[in-house]
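The values are calculated or read from the model by the stated rules, or taken from the named source; none is laboratory data. Remember, it's a predicted structure, so these values are computed and weren't measured experimentally. Don't worry about glycine lacking a Cβ; one is built from the backbone with ideal geometry, like all the others, and counts go over all protein chains shown.
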Amino acid sequence: MKKIVLTGGGTAGHVTPNLAILPRLRELGYEIHYIGSYDGIEKRLIADYGIPYYEIATGKLRRYFDPKNFSDPFRVVKGFAQARKILKQIQPDVIFSKGGFVSVPVVRAAGTLKIPCIIHESDMTPGLANKLCIPIAEKVCCNFPETLQTVPEDKAVLTGTPIRAELRKGSKQAGLDFCGFDENKPMILVIGGSQGAANVNSAVREALDELLKDFQIAHICGHGKVDNVLLVKPGYKQFEYVKAELKDLFAAADVVISRAGANAICELLALQKPNLLIPLMAGSRGDQILNAKSFETQGFSVVLSEHDITPLLLTEKVHELYFSRQSYIDNMKNSVQKDPIETIISLIEEATAEKKEEEPASES
């Protein structure tokens, strides 16, 4: 039987793409294992999928001073030893890593055992964890054309990010019914994001009276961020969080206002949803700004800096997007990143086949 080890964690964005490829891996008969941290979000997200989960120590390698800088390197060394022991036990054919610092000891250990590794970089420029893994990797899956210039040419592959299959199965009518909306009036879906959503929320609410003249608005505003004064505003529906119904809200949305996190915008690309991006300005590496700029350049998005937002400008940008929406849809339809799951799976299958052809390497 073919065996694969998935790894990645620290944030949901380092886990959900792994979950997105699970159904296809199972269809192809892979025995799937997951290596993550002791208490990271990956442990909770993987729990419902019936996959063996292995815990290792991990530490963050920082570019700034922190007292943990003295102890975390020892955790990384411990994690490396644990990962190597686990990999020798499982004997996988291939590793797929979505990044995060838990992935570093796994990929580096795999390198010593000559297990092929495929890694995925979501953002425009590789983060430190993936920079440490790229020398070991067989292939580096990239979200953006610009990233290909920062990765060795023989390793870089433009794939996009795999998204959950269920997001493609939404019902427009179910989404409208969930909000109590009229099918004859266009709908905006607002997704603030988990970090810094307050700025997006306030910008939308300040422009609400103007926007509601032409649109209905479903607003996913985050835990504790519902505005009680606006609970009975006609045409405006707020949610702290949406899970099962998210696919229906996407199906019902004519345009989307969103942050510019890599996974979020790749979902918009895959679903071909015209979008207005308001990138988080305070990110550690400016990732969202770069992500949004790339999508704007490729003709997938309208971008608005949160520093420039006024109710009038936001309203103008939304109308501009809505009336030009077909051109954005056409550009997204023609994107080479439109089938990331199959592209990534093909790389995994190729690496697995090559591993099967090799003589078993001696393990010391």
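If the requirement is being under 21 Å from GLY261 (Cβ atoms) and either in the same structural domain as ASN263 (by TED's automatic domain parsing) or free of Cβ contacts under 8 Å to residues at least 24 places away in the same chain (or both), which of these qualifies: VAL140, VAL151, VAL102?
Exactly one residue qualifies, and that residue is VAL140.
With respect to LYS169, determine if the residue is under 24 Å from GLY10 (Cβ atoms) and either within 20 Å of the chain's Cα centre (by Cα) or assigned by TED's automatic domain parsing to the domain that holds GLY99 (or both).
So LYS169 fails the test.
Would you be able to say whether some residue in the stretch 311-327 is within 25 Å of the chain's Cα centre (by Cα), surrounded by fewer than 19 Cβ atoms within 10 Å (Cβ to Cβ) and in a loop (DSSP other than H, G, I, E, B)?
no
Counting only residues that are of a type in the set (Val, Ile, Thr) and in contact (Cβ under 8 Å) with a residue 40 or more places away in the chain, which one in the stretch 1-50 is surrounded by the fewest Cβ atoms within 10 Å (Cβ to Cβ)?
THR11
Which of (1) at pLDDT 90 or above; (2) surrounded by fewer than 22 Cβ atoms within 10 Å (Cβ to Cβ); (3) not small (Gly, Ala, Ser) is the odd one out, the single condition VAL107 does not satisfy?
It fails just one condition, (2).
Consider ALA251 carefully, then state whether it is modelled with pLDDT of 95 or more and among the aliphatic types (A, V, I, L, M).
Yes: the conditions hold for ALA251.
Give me the residue from the stretch 168-222 that is on the phi > 0 side of the Ramachandran plot and surrounded by 16 or more Cβ atoms within 10 Å (Cβ to Cβ) and, out of that set, modelled with the lowest pLDDT.
My answer is GLY196.
Do the conditions hold for PRO279, that is, is it over 28 Å from ILE4 (Cβ atoms) and modelled with pLDDT under 95?
When the stated conditions are applied, PRO279 passes them.
Considering only the stretch 145-167, how many residues are charged (D, E, K, R), closer than 22 Å to PHE250 by Cα and surrounded by fewer than 16 Cβ atoms within 10 Å (Cβ to Cβ)?
So the answer is 1.
In the set VAL232, VAL226, which member is within 13 Å of VAL190 (Cβ to Cβ), free of Cβ contacts under 8 Å to residues at least 24 places away in the same chain and part of a loop (DSSP other than H, G, I, E, B)?
Going through VAL232, VAL226 in turn, the sole match is VAL226.
What are the pairs, 6+ residues apart or on separate chains, where a residue within the stretch 174-200 that is not assigned by TED's automatic domain parsing to the domain that holds ASP248 has its Cβ under 8 Å from a residue that is assigned to a helix (DSSP H, G or I) and modelled with pLDDT under 95?
If the second residue must be assigned to a helix (DSSP H, G or I) and modelled with pLDDT under 95, no pairs are left.
Looking at LEU276, LEU280, LEU269, LEU347, which is the one that is surrounded by 14 or more Cβ atoms within 10 Å (Cβ to Cβ) and part of a strand (DSSP E or B)?
Answer to the selection: LEU276.
Can we say VAL102 is modelled with pLDDT under 95, crowded, with 22+ Cβ neighbours inside 10 Å and in contact with a strand residue (DSSP E or B) (Cβ under 8 Å, 6 or more places away or on another chain)?
yes
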